[in-house]
Each structure stands twice: as C-alpha cells, then as structure tokens.
Protein chains: 2
Amino acid sequence: MSSTCKMEGMELGIIDESTTEEESVTSQWVLNSPAPPTPWRELADSATKTVAQCGEKFSSLRDHQQAPKLVLSVLLGIFPILQWGQNYTVTKFRNDLLAGLTIASLCIPQSIGYATLAHLAPQYGLYTSVVPPLIYAVTGSSREIAIGPVAVVSLLLSSMVQKLIDPASDPTGYTKLVLTATLFAGIFQASFGLLRLGFLVDFLSHASIVGFVAGAAIVIGLQQLKGLLGLTHFTNKTDIVSVLKAVVKSFHHPWNPCNCLLGSSFLIFILLTKFLGKRKKKLFWLPAISPLLSVVLSTLIVFLTRADKKGVNIVKHIKGGINPSSIHQLDFNSPYAGEVAKIGLIVAVVALTESVAVGRSFASIKGYHLDGNREMVSIGFTNIVGSFTSCYVATGSFSRTAVNFAAGVETSVSNIVMATTVFLSLQFFTKLLYFTPTAIIASIIISALPGLIDLSEAYKIWKLDKLDFLACSAAFFGVLFASVEIGLLLAVVISFSKIILISIRPGTEALGKLPGTDMFGDINQYPMAVKTPGVVIVRVKSPLLCFANANFIRERIMKWATQEEAKDNKESTTKTIQLVVLDISNLVNIDTSGIASLEELHRCLVCQGKQLTIANPRWQVIHKLKTADFVSKIGGNVFLTVGEAVEYANHNANCLNA
Amino acid sequence: MSSTCKMEGMELGIIDESTTEEESVTSQWVLNSPAPPTPWRELADSATKTVAQCGEKFSSLRDHQQAPKLVLSVLLGIFPILQWGQNYTVTKFRNDLLAGLTIASLCIPQSIGYATLAHLAPQYGLYTSVVPPLIYAVTGSSREIAIGPVAVVSLLLSSMVQKLIDPASDPTGYTKLVLTATLFAGIFQASFGLLRLGFLVDFLSHASIVGFVAGAAIVIGLQQLKGLLGLTHFTNKTDIVSVLKAVVKSFHHPWNPCNCLLGSSFLIFILLTKFLGKRKKKLFWLPAISPLLSVVLSTLIVFLTRADKKGVNIVKHIKGGINPSSIHQLDFNSPYAGEVAKIGLIVAVVALTESVAVGRSFASIKGYHLDGNREMVSIGFTNIVGSFTSCYVATGSFSRTAVNFAAGVETSVSNIVMATTVFLSLQFFTKLLYFTPTAIIASIIISALPGLIDLSEAYKIWKLDKLDFLACSAAFFGVLFASVEIGLLLAVVISFSKIILISIRPGTEALGKLPGTDMFGDINQYPMAVKTPGVVIVRVKSPLLCFANANFIRERIMKWATQEEAKDNKESTTKTIQLVVLDISNLVNIDTSGIASLEELHRCLVCQGKQLTIANPRWQVIHKLKTADFVSKIGGNVFLTVGEAVEYANHNANCLNA
C-alpha cells in the first residue's frame, strides 16, 4: 500500500511542476528568502549593538570634547540632578519644599510603623527615610517618586528573615541579617540594571501583582491588630488563620480596651480626612498631615493623662541621632549567608517591581519616559549605600509618591527636603515620641492599606482574562492563607503556566474568503466569509507546532479534511476535496516533532488522494521546512497567500478537466 | 503637557471619523465580529461533543440492533481481535507463526537480561514475556508491536526502586515494590487513555527522547560490564563516573578473563550477524536467532568443559513453571506507597512514550493510524493484569518489533505465538539454561544497544533547531552523568522552557509592500519589499503580548518610529512619520499588561503627533481590545489588512493637504 501512495504523490508532484509557471514568482519569494539569523547570531548582534552604542557615545564624547568636558558629560549621565539642576528656579523650589514637608509629615509615623512591621527598632525606619532619599535624589531619574521604607517589602523581609533568626530572642542578630539582605538586594538591583536585565521585573505579571499586593495589604492589616488592640501575646506567622487564632486566644489574657478605643478613633479621623481629601482636590494636604496630627494629639493626650500607666502601650525610647555606620554589621560568613542572598534576590525583585511601576505610572501622566534599567541602577545603588548606614531596603512608596504628586512636586528636591526633615526629627525630636501610643502607629499603617486593594482592577482583569484572574486570586489567597513567599511563587508559576498553555493549546480554524477582498478569514470570526468548494482551508491557531501539540493538530486537520468531504458528499456536490491548504502564518516556530507530524499529515492526505499546500510561512518556519526537506516532499507547493494556493488548485483542476 | 497631548489625540480622532467612510465595511467586519467563546464555554463544548459522540455511537447501536448484537458491538470495540479474527487465514497464520518464533528466540535471552538489569530474578523477565503479550494480543490495536520487558523501563524501574529498598539485601521486599509500581503504572496508563489524556505522552519532546534513549543505552551498556567482565564488586549507581570507578577498582580484585573472552567473542558474532542481516534483507532471521544460537552454543561449551568451575559465571537456577499469582505481593500499606506511586507514574509515561512511538512508526509504514488513547488503555490493562501474575512493566519493544516487522508479521497472533513459546520454555527448558554464562546474556543486551543511539537523528536535530539539540544533549548527559530521573527532568524542563522562551521572546519586524501584490512582508524575509514613505509598519513577531515582553516590545516599536523619522529627515524627504501601523496578526493572545503597554504606546505616539493603527487582529485579541476600550481610545482605527490601513493614511494626508 505504501508504495502505491508514494506513486500517487509523485504523480501529483509532476502535475505541479508543469503548471506552477504563473504563480512561481511569489512562491519563489517565499522559497528563496535569505536564511534567517541563527539564535547565536541574533544574540551576538544584539550584544555588539549595545556595546557599539555605548562605545559610540563614549568616542563621540572623546573626539569632540576636552577631558574636563568629558568628565562633566559622564557625571551628567550618572547624576541627572546636575542636568535639571541648571534650570532650577525659586518657584520650583517653593513647590518642592511644600511637597517635601507634606510627605515628611506622612513619612515619620509610617517609617516607625513599617520598621515595627519588619521587626526592627523604630529608628531603623527613620534612618531608611534619611539616606536613601538623598542618594536617589542625586542619581534617580524619576521626579515624583518618594523613596523610603514600604509596607510590602517590610512584611516580606520580616516574614523571611524571622525563619532564620527569631527577632524577639536575638534582635541584634536579626538586624544584622536584615542589613546584609539589604546589601544583597542592592547589589542584585544594580547588577540587573547594569546587565540590562530590566525585563526581570516584568516576570511578575500585572494580574499577580494586583492579587499579591491586595493579599499583602490584608496581612499587614492583620499584623497591626497587635498594636491596635494592644495585645501582648501574638504570633510570628503571617497567614490569616494563625493571626485570627492568636487574636482570639489573646482575649483570654487580660487586655486593655483603651488601646483599641484610642487607635480606632484616630483611625476613623484619618480615614475621614482621606475621604475629604479625595472629594476636594484642594484639601490634598489634609490626609497628608492628618497622621502626624494624630501622632501629636495622641501623644499629648497620653502625656497629659499618663494613660501609659493605665495600660496604654507607648513607643517609649527611640534612639536619636544621625544614622550610625553599619558596615561592621554586614555578615557574609554567617551560616545563613546563602539564605540571606536568596532573600535579597526576592526582595530586590519585589522592591523594583513596586518602584518601577510607581515611577512609570506617574512619569506617564507627566508625559516623560522612565528607563527601567537606569532606575534599577539608582535604586540598587541607593540600597547598597543604605546598607552601610543602618537602612533596610528602601524603594518607591506608592502612598507617599501619590501625596508627593498631589502636593505639586517638581523635582526630586522634595526627597531632599523630606530627608532633611526626618533627619532633624531624628536629631532633636525623638524624645517627644516617647509617649506616642503604638495603637496610633498601627492605625496610620492600616489607613494606608485600602489604597493597595484595587477591586476595580481585579474586576477588569476578571472581565478581560479568566486565567489572569486565576493568577491574581492565587497570589491573593496564597499570601493570605499560606505565606508571602508561597503567594509570590504561585503567582509566578501560574503566570508562566498560562504562557505555556496558550502557546501549545492546539487550535485550528477553517478559513473562508471575505467577499470583495483577496483575504481569507476565520469563518467564526467573520461569518460573512465564503468557503471555497473542493478545497479545505485550515489555519493553525497555535503559535507553535511542537512536541506538545503536533499530534493533536495533525489529527484535527485530518478530521477537517475527512468531515468536509463527507459534508460535500451529502450535499451531492460533484467536487471532491482534492486540496488541503494549510495557512501557517500564525506559526512562529516549529520543532522536529512538528515537522514529523506535517510529514505524516502529507503521507495520510496523499493516501486519500488529496494534496497538501502550505500558505504564508514565516521566516524561521519556511527555513526549517526547507532544511528538513519537507518543501521538496510536498512538491514545492508553498504559496505566499491562501488566495494563490486556491487559484493554483483551480488552475490544476481546469488542466485536469481539459 | 498631558492635557495638550490629549487634545491632539482628540483632534486626530475627529479627523478619522470624517474620513473612514470608504473602508468602514471591512473595518466593521473586524470590529463587529461575534464574541469568541470563553475558555469555559470551549471546555464545556469539547466535553459535550465527546460525550455526545460516545452517546450517539451507543444510541445508534441500541436503536438499530437487538441486545445480543449490541453486546457483540461493545465486545468488538474492546477486543479488536474479534474484528480482524473473522478474516484470519492460514497464510496469515503461517506468517505470524514464523514471526512469533523469530521474536521468541530473541525474547528469551533478552528477557533474562532485562530482568537482571531490573535487579529481579531471571524468571520475572520470562513471566513478563508470557502474560502481557497475550493480553495485548486480544485488546491492542497495533499489529506489529512485540510486547514484553524493555531495556529503558527496566533501567528506570531499578534505578528508582533501589533507592527505597536495596535489592541485594532484601530481594523479596524489592520485588514487591516493583510489582506494586507495575500495578500503579498500569492504572495510570489505563486512566490516561480513558480520560483521553493521550497528549500527556507528547510531553517528552522528540529531541529529548532521542537524547534520553541514547544516554540510557550507554548506561545500560555500562551496567552490562559487570556480567561481561565477570566482576563481583560493582556499584548500584548508574552514572558513568561511578560505574567506571567500580570497574577500575574491581581490577584490583582477582578476576577471570574467561568471562570477558567468552562474552566478547559471542558479542562479535552477534554484531556480525546483525551486519549481515542489514546488508541482505533476506537474512533477516540471522540476527534474530543469533542470540538464542549464542546461548545454546555457549551453554554447551560451558557444560562440556565445566568452565564454571574455572571461574566462568553462569545463570544457575531459574525457577521454572507457569507465572505464579502475585496478588498477595502487592503492598499499598508500605511506608513507600507514595514513592512507589510516583515511580509508577514516571514509568507509565516513559513506557507509553516508547510503545506509542514504536506502534505509530510501524503503523504509518503500513498505512493505518493508531489511536493513542486506545493504545494507552490496552497497555495499561496489560500491565494491571501483569502485576497480578508476577510480571513487571511491559511495553512495546523497539528491537523486537523491528524484527517482528522484518519477519513479515500480519497480526498480533505473533505475540500469542511468542508468549506460548516462552511459556513452554518456562515449563520445560529452564533447567537447560543452568549453565548459560552470564557474559552471554550481557553481550546479547549490549548488541541491542547501538540501535538505540541515533546519531543521524541527533545531527538532524542540530541542523534544524539548536535549542532542541540542547534539550537532546541535556537529557543525554543528565542520564549519563547524574541519573536517569535527572536526565528525564532536565529534558522536560528544557523542552518547556523553550516553549516559554519562544512565546515571550520580544520580536518586531518592519514590513514593506511586496511589489505587484497587496501583501506586506517582513523586509528581511522578502528583500524585494518596498517601504511606504511616511508610514512605519511594524509587525509584532511574538505570539503573545503579555507581562513578560509587553514593555520590551513597546520600547522597540517606539524606537522604530523615532529612528525611521530620523532617517527620513536625513534623506530630507518632505514626509514626516504620521502613522504607525501595528500588524498584530501574529498575536494569539494579549493580557492586561499587554493592553496597558499598547495604551502607553498610543499615548506616547500621540504626544509626538503620530497616530496608531491596528491591522488584522485575531478573534480573541480584538475582543479583548474592545472589552478594554482600547479600540475607542485609538479612534476605532482597526483595519482588516495593512494595505487598508496605509490607504486610509494616504487618504487622510490628501484630505489634510487639500
């Protein structure tokens, strides 16, 4: 049987060659296209291009300018502040001063709260609001970002580092690990930027970030219950079940409702000012200063009533003074060095994701573009210097950046103003915070959380893509019920599984001619499309024809061909299916299994007296089909368009009839 | 700045609406296509279709036939032998008898060798050549496959099970685990088939199978060094380094060169007959019976010279008699039950991959098609019954199937003949194998290995696809230097990473008009393509515009637009770039990040006074763009083809000039 099939195939092949005269021009274009670049070649090209660009820039500088000017150019590249600083005006400074003072008032209580969330002493939060903003102000290119400690990163750090060392029993050891992780994070961030690996930040899909941040916000809120309710017994775990159990359990111990009363009333006050600020744009300063106002008011209340003696928990001593050096605290020889590096990597990616997302969204509002790789180097450098000066991981804060923007910030001078203000507070006012109730700090953190839960975005994701929504909810519930890392892991795994699923999902669609055009379209997408009698036109929907879907697609196409024939026979049209046109314009790549399945398809079709034709192959695909000798096996029947393939079939049929 | 940009965008939008009269028909087709089915809908449809097909089949049977006929139909479906048995002739039987006897002569020594490879007593290999072929002969649909123990599966089983129980110290416990793993493998295989999960077998790509099998062949050969050299001290590990170390070490112990001499000379004899069989097709029986001949000759030599007393290792006692029941040996309560189930799963997939590949390749030569799901049920059922009758995992053997085919097999009756022959040997001739030297068994196994190493296929893979070759060599070296499981794991991971890499690899290409047609093609693929002045036409090469590549692609497109303008300015053409046509015909899917990046692209282009136009979106993509309101944001500028988009731009330009 096999030999007769081959004979038939050859006969068909002979017919082809005698009739392909007319359409040969375009077919030859397809068949004789130059060889596409190999992966190595492409990689090498892109590397040389990058190097050449850098070299060109450098040499053009060197050729046309003297040494001092060259140095200046390089400096301008590294420190954007030197660029825009030349046009800096008093008006701009007034705006920056106002914005800087506004975010400073929000920053001080938040920094104390986030440091507590990270299981660090309160002053570390304040330290992190001094050095990093200064470094970023001179190296960063975003004008709106407010740099400092942020909630999600604090939670992530504490939840991972406390597995290595218990912060309650060994606070110094714990702090050492956090600072070392900060250094690692900075190094990773800077090297991502220098190696132009900016795309790594994109590995967390938008959907999973929405879910992750919302889950983290709830977890952070739950952690604040300790402060808000003034509980003494609490859990180190972050999942919702453990926390709620701990809360229920702690009610059996004696507890003081004063904390809760104080915290809740100020929480309501802050939320009210937020609401007002949203309603009236002119009152933007109200929600920004209400946290500081609450701190001042509540501290006064406690100080005057000495409520701390009646069981209200207070912040107590905060070590004042400028950031101490922490170089001697960085420890690479600890048994946890490997683990700490891993934590640094995870924190680096999450912090960059937040910072770049925040920076980009505000840059896009102002109409300028933020270079991701550049930003990474700045943030990385910021954290490296931070780790030397007792700061933990800093990044762009969403809530403070929004306030900064609303306050009319012009340049990153507002970061300098903020850092100076925090520095002054550290130097002179930490003693005033002695009587600040911890419940107020907790309520300030809680008040910032609703902004992190974006229900409308989640709904939009649901509407657009159910699988994206799955990644979103997996991240959300993973963070909520398991742990922060598991939530992140789930999000990444689902996001990438989705890519695999879409790429290998076997799909075929029948095409019909769109009336009045030469185009052929999916008959489901374009119901007006008309099928060509005697010809089955199938398009492979999947972008890849590979080991994972080749067999399935082959079977589908065979089914199409057989079913169409049966249908035609039923309608008793005289034409039998003689030609199967396979539109592979969607195929980005094909592998050895894919080619083997095409070969088997061809063999089976020839056995049924049908002929296989290929239309519109992409560059890589036609090259591989040629290399694998598949093109010669189907008698060179490769066409530029489906229309030409169909025309050729009609021509053939006429020749046979004549 | 942002507000002026928006104004410009709106102005452009207004211009659009006044001039889109003509091309609105095809544009409307694109924009008003019906909503594509949701993933749930598609899933439900495919499920109902499958159920409906089964139901139809069943009800058509029930309607037209009486009860006895219905039973007969069902029986025919389950046992294909009843179908083809009706046309069975004496001629066919003569052919099958010859083929069956030929593979039996190859099967007996191979079975003993593979059982040794699996660290089981020799009779288990023979048992596995009795029951499974019988079961498969009545349920399977392939006519050529020879069922029984195979080398790769034996190696895989032993390398994984010996990690749980050491076969040397506890052979009964080890055998129990192997039989339980066989039952699990059978259950997994049958359920894959019943649940129509046939595609699972495709998860090992062709390239990685080539590498894996070649690596496994070398590892199996190395394991045979123990028998061939007559070593007493050997290792349980399978990687090349450990084995070679063990071989070198064992030379320090006293060893007998007689084993090596005997084994090597018969190995040369068998390889010679193989060579002859390949040169002359008529001598196909020579390589098939040479192993049995070697066994008989060498056994006689040892028996006559009593060489076993001079240090030649012999097989010794093989327990004769029919397969004993092994139901009481299946143990689900052992502490290893979970591990054994996992082993069963891995072995199930590898065994199915081999069997389906072998069956398909010979079916395709004979011109019939093998249903993967059906085959899985047969093989699974075969192994389930096998595990009850002291058989370990059986599957289609490549070497014996090839011999079967060459011997002119007609139906699976040859399997029955083979099983009967092995059964008779078990019953009556096991005592004759007492003096068979183990070196001969080793050399028979080694002689089958070169067929598993397919260098020409590896070269073909290298030529076609470098990444596929990477998967191939990773599997090869993983098996060789690490372990069989690590080799498999590497192969799967690399295969799927390749899919991700290809899918998210950011690619864009500039399009030009192909002279004499309405088509636009990649200017690299079609060097004759002509660029349209004043218009940048870019096609997204990647099949997905998603979180992992959206930013990169957006930046690339912006760069294209800006560079082209700079180039145009240099050439001092009067036209500036006003239109960017984005051909997204390649996009199979887009996610929220992708839509966001398109929105940002649009915003940036509008700021530069350019307009974004979309051409030829696929069904899912246009639906999502509509749902996300992107279409209205770009003023509804969506066209069926690039040509129409360009025409529209020219029309617009003329209107502006007039």
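Binned at 10 Å from 0, what are the whole-percent values of the Cα-Cα distance distribution for region A:388-451, short to long?
15, 37, 43, 4
For the rotation that brings chain B onto chain A, whose beta-carbon in chain B is nearest the axis, and what is that distance in whole angstrom?
B:Pro543, 1
With all pairs of different alpha carbon atoms counted, what Kirkwood hydrodynamic radius in Å does the protein assembly as shown show?
Working: mean 1/r = 0.0280 Å⁻¹.
After inverting the pairwise mean of 1/r, the radius is 35.8 Å.
Quick one: dipole size for chain A, taken about the Cα centre, charges +1 on Lys/Arg Cβ and -1 on Asp/Glu Cβ, in debye to the nearest 20.
Numbers: 54 positive and 44 negative charges, 662 e Å.
Using only the charged Cβ atoms, the result is roughly 3180 debye.
Rounded to a whole number of µm²/s, how large is the Stokes-Einstein D of region A:250-290 at 37 °C and 0.692 mPa s, given Rh as the Kirkwood radius over C-alpha pairs? Walk me through the numbers before you get to the answer.
Values: Rh = 11.7 Å.
Answer, rounded: 281 µm²/s.
Rounded to whole Å and sorted largest first, list the principal axis extents of the Cα atoms in region A:168-223.
Principal axes ranked by extent give 40, 31, 9 Å for the Cα atoms.
Among B:Leu490, B:Gly227, B:Leu272, pick out the residue whose Cα is farthest towards the positive end of the charge dipole of region B:89-499, where Lys and Arg carry +1 and Asp and Glu carry -1 on C-beta, about the Cα centre.
It is B:Leu272, whose Cα lies furthest towards the positive end.
Please list, or write none, the lysines whose alpha carbon is within less than 21 Å of the alpha carbon of A:Lys274, excluding same-chain residues fewer than 8 places away.
A:Lys282
Loop only per DSSP, at most 16 neighbouring Cβ atoms within 10 Å: give me the trypsin sites (Lys or Arg not before Pro) in region B:303-364, ordered by residue number. Numbers along the way, then the final one.
Values: sites: B:Arg306, B:Lys309, B:Lys310, B:Lys316, B:Lys319, B:Lys342, B:Arg360; in loops: B:Arg306, B:Lys316, B:Lys319.
Those that pass, being in a loop and sparsely packed, are B:Arg306, B:Lys316, B:Lys319.
Taking one equal scatterer on every alpha-carbon of region B:238-348, how large is log10 of I(q)/I(0) by Debye at q = 0.10, 0.23 1/Å?
The computed values of log10 I(q)/I(0) come out as -0.62, -1.15.
For B:Lys69, list the lysines whose Cα falls under 24 Å from its own Cα; do not include residues on the same chain fewer than 8 positions away.
Once the sequence-local lysines are set aside, what remains near B:Lys69 is B:Lys57.
Going down the list B:Lys176/B:Lys237; B:Lys245/B:Lys460; B:Lys176/B:Lys309; B:Lys280/B:Lys366, which pairs span over 27 Å between their C-alpha atoms? Write down the numbers at each step before the final one.
Details: B:Lys176/B:Lys237 21 Å; B:Lys245/B:Lys460 34 Å; B:Lys176/B:Lys309 34 Å; B:Lys280/B:Lys366 21 Å.
As for pairs spanning more than 27 Å Cα to Cα, those are B:Lys245/B:Lys460; B:Lys176/B:Lys309.
Pick out, from A:Ile502, A:Gly516, A:Val243, the residue whose Cα sits farthest towards the positive end of the charge dipole of the protein assembly as shown, with +1 on the Cβ of Lys and Arg and -1 on the Cβ of Asp and Glu.
A:Val243
For B:Phe469, what charge total do you get from the other residues with a beta carbon under 12 Å from its beta carbon, if Lys and Arg give +1 and Asp and Glu give -1?
On the way: positive: B:Lys460, B:Lys463, B:Lys466, B:Lys498; negative: A:Asp591, B:Glu457, B:Asp465, B:Asp468.
Neighbour charge sum, excluding B:Phe469 itself: 0.
Got a sec to turn the phi values of region A:75-91 into Karplus ³J(HN,Hα) couplings, 6.51 cos²θ - 1.76 cosθ + 1.60 with θ = phi - 60°, whole Hz, x for Gly and Pro?
Per-residue couplings from phi come out as 4, 4, x, 6, 10, x, 4, 5, 6, 6, x, 5, 9, 6, 10, 5, 4 Hz.
Running Debye on chain A with equal point scatterers at the Cα sites and no solvent, what base-10 log of I(q)/I(0) appears at q = 0.07, 0.11 Å⁻¹?
-0.63, -1.03
Which distances, shortest first and in nm, link A:Ser242 to the matching position in the other copies, using label points set 7 Å out along Cα to C-beta?
3.8
Which cross-chain or sequence-distant (5 or more) residues have an amide H under 5 Å from the amide H of B:Phe639, H modelled 1.01 Å from N in plane?
Distant-sequence amide H within range of B:Phe639: B:Ile614, B:Ala615, B:Asn616.
What is the average number of partner chain Cβ atoms found within 10 Å of a Cβ in A:526-533?
Details: counts 8, 3, 3, 1, 0, 0, 0, 0.
The per-residue average across the peptide is 2.
Charges only on Cβ, +1 for Lys and Arg, -1 for Asp and Glu: so what's the dipole of the protein assembly as shown about the Cα centre, in debye to the nearest 20? Write out the running numbers ahead of the final one.
Values: 108 positive and 88 negative charges, 694 e Å.
Approximately 3340 debye in magnitude.
Shortest first and in nm with one decimal, please list how far the B:Lys69 label point sits from its counterparts in the other copies (point 7 Å along Cα→Cβ).
10.0
Show log10 I(q)/I(0) for region A:377-493 at q = 0.18, 0.20 Å⁻¹, two decimals, from a solvent-free Debye sum over equal Cα scatterers.
Log10 of I(q)/I(0), two decimals: -1.25, -1.29.
What angle do you read, to the nearest 10 degrees and between 0 and 90, between the alpha-carbon axis of helix B:39-64 and the longest principal axis of chain B?
Taking the Cα atoms of chain B, the angle to B:39-64 is about 50 degrees.
Less than 13 Å Cβ to Cβ from A:Val492, Lys/Arg counted +1 and Asp/Glu -1: what total charge do the surrounding residues give? Write down the numbers at each step before the final one.
Values: positive: A:Lys498; negative: A:Asp202, A:Glu485.
Taking every Cβ under 13 Å from that of A:Val492, the sum is -1.
Considering the options A:Thr175, A:Asn652, A:His206, tell which one lies farthest towards the positive end of the dipole of chain A, charges being +1 on Lys and Arg and -1 on Asp and Glu at the Cβ, about the Cα centre.
Projecting each Cα onto the dipole axis, the largest value belongs to A:Thr175.
Where the label is 7 Å out from Cα toward Cβ, how close does A:Ile500 come to the same position in every other copy, in nm, shortest first?
Taking the point 7 Å beyond Cα along Cα→Cβ, the inter-copy spacings are 0.8 nm.
If the cut-off is 29 Å between C-alpha atoms, which lysines fall inside it for A:Lys466, apart from same-chain ones fewer than 8 positions away?
A:Lys498, A:Lys541, B:Lys49, B:Lys498, B:Lys541, B:Lys624, B:Lys626, B:Lys633
Starting from the amide H of B:Lys541, placed 1.01 Å from N in the peptide plane, find each other amide H under 5 Å away whose residue is 5 or more places distant or on another chain.
B:Gly507, B:Thr508, B:Glu509
Quick note: the coordinates plus some simple rules give every number you see, no bench work behind them. Small disclaimer: the values here were computed from a predicted structure and weren't measured. Cβ: placed from backbone, ideal geometry, glycine included. Neighbour counts: every protein chain shown.
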